[in-house]
Amino acid sequence: MTDNIQELAIETRQGSTGKKLSDSQYDESKSLAEIMHRGIRKNGKFREKLKGYSHAFARGEKFDVMKAEMIIRDQFKAQYGETMNQMRLALKERQENLPETAGRDALEYARMIEPLIRDGETIPFYRAYDYVGSALAEKLNITETGAKKLMTTAYREIEGRELYDFGKALEKKFNVPEREAEQQTHEVKRDQTQSRKRA
């Protein structure tokens, strides 16, 4: 796997776009392509973000916004083997043609939120929901937004209540008290430190 990544990096750098860029331009455009990839995985969108990053990338460079966008698009295709739009459309198609088990999977993943909020070092609902949604999206190879909608719908249909309301109630019961205790401990330590400095 590592050899394939290294080979791809070499091919990308030696490709028609890569070899024309300075090292910093190459590294920045590669990072921007990764950001675009993450954004598409999240919500299946890229146009506005690409526009904004193209403007930012072109600023201070000797090329215009259109050239910056082309470089980011080329980097994306070289890194991921498909265009941003091809990736978006593939995710959309899979979302529209989910396997029969998708509803059961969504409910199973939605139920994973409770122990994340309740047990051990608890986390707030938004983080648990995001974490589990990302895992379901990866399993079904759909967007995270799509996975979260699936979980919400499956939970409502089977449990008869809203996942958001249930998660927020768990957060209030388990996460908020722990967070408040941590804040109090931090304040006590800060007060002790300030008292020592004054002495």
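The conditions are (1) surrounded by 13 or more Cβ atoms within 10 Å (Cβ to Cβ); (2) among the polar types (S, T, N, Q); (3) over 25 Å from the mean Cα position of the chain (by Cα), and Gln25 fails exactly one of them. Which is it?
Result: Gln25 fails condition (3) only.
I need every pair where a residue in the stretch 172-185 that is surrounded by 10 or more Cβ atoms within 10 Å (Cβ to Cβ) has its Cβ under 7 Å from the Cβ of a residue that is assigned to a helix (DSSP H, G or I), sequence separation at least 6 or different chains.
Sorted first by the residue in the stretch 172-185, then by its partner, the pairs are Phe174/Ile117; Phe174/Arg118; Asn175/Ile117.
Take the residues in the stretch 146-199 that are assigned to a helix (DSSP H, G or I) and small (Gly, Ala, Ser); name whichever of them is nearest to Glu96 (Cα to Cα). Don't jump to the end; show me each part of the working.
Of all residues in the stretch 146-199, those assigned to a helix (DSSP H, G or I) come to 146-159, 163-198.
In the following step, the residues that additionally are small (Gly, Ala, Ser) were identified as 146-147, 154, 167, 169, 181, 195.
Values: Gly146: 10, Ala147: 12, Ala154: 16, Gly167: 27, Ala169: 32, Ala181: 45, Ser195: 62 Å.
Step by step, filter the stretch 146-199, then rank; the result is Gly146.
It is to be established whether one or more residues within the stretch 108-124 are farther than 27 Å from Lys173 by Cβ and basic (Lys, Arg). Spell out the reasoning first.
The first filter runs over the stretch 108-124 and keeps only residues farther than 27 Å from Lys173 by Cβ, leaving none.
There is no residue in the stretch 108-124 that is farther than 27 Å from Lys173 by Cβ and basic (Lys, Arg).
Take the stretch 97-145 and flag every residue that is under 18 Å from Tyr164 (Cβ atoms) and assigned to a loop (DSSP other than H, G, I, E, B).
Met112, Thr122, Ile123, Pro124
Might you check whether a residue that is over 30 Å from Leu136 (Cβ atoms), at pLDDT 95 or above and outside the structural domain of Gly133 (by TED's automatic domain parsing) occurs anywhere in the stretch 37-54? I'd like the intermediate steps shown before the answer.
Keep residues of the stretch 37-54 that are over 30 Å from Leu136 (Cβ atoms), which gives 54.
Now restrict to residues that are at pLDDT 95 or above: 54.
Within this subset, residues satisfying the condition of being outside the structural domain of Gly133 (by TED's automatic domain parsing) are 54.
Yes; the residues of the stretch 37-54 include at least one that is over 30 Å from Leu136 (Cβ atoms), at pLDDT 95 or above and outside the structural domain of Gly133 (by TED's automatic domain parsing).
Inspect all residues belonging to the stretch 134-144 and state whether any of them is on the phi < 0 side of the Ramachandran plot, hydrophobic (A, V, I, L, M, F, W, C) and surrounded by fewer than 17 Cβ atoms within 10 Å (Cβ to Cβ).
Step one: of the stretch 134-144, the residues on the phi < 0 side of the Ramachandran plot are 134-140, 142-144.
Going one step further and asking which of them are hydrophobic (A, V, I, L, M, F, W, C), we end up with 135-137, 140, 142.
Restricting the remaining residues to those that are surrounded by fewer than 17 Cβ atoms within 10 Å (Cβ to Cβ) gives 135.
Yes.
The values are calculated or read from the model by the stated rules, or taken from the named source; none is laboratory data. None of these values were measured; they are calculated from a predicted model. Positions of Cβ are backbone-derived with ideal geometry, glycine not excepted, and every protein chain shown enters the neighbour counts.
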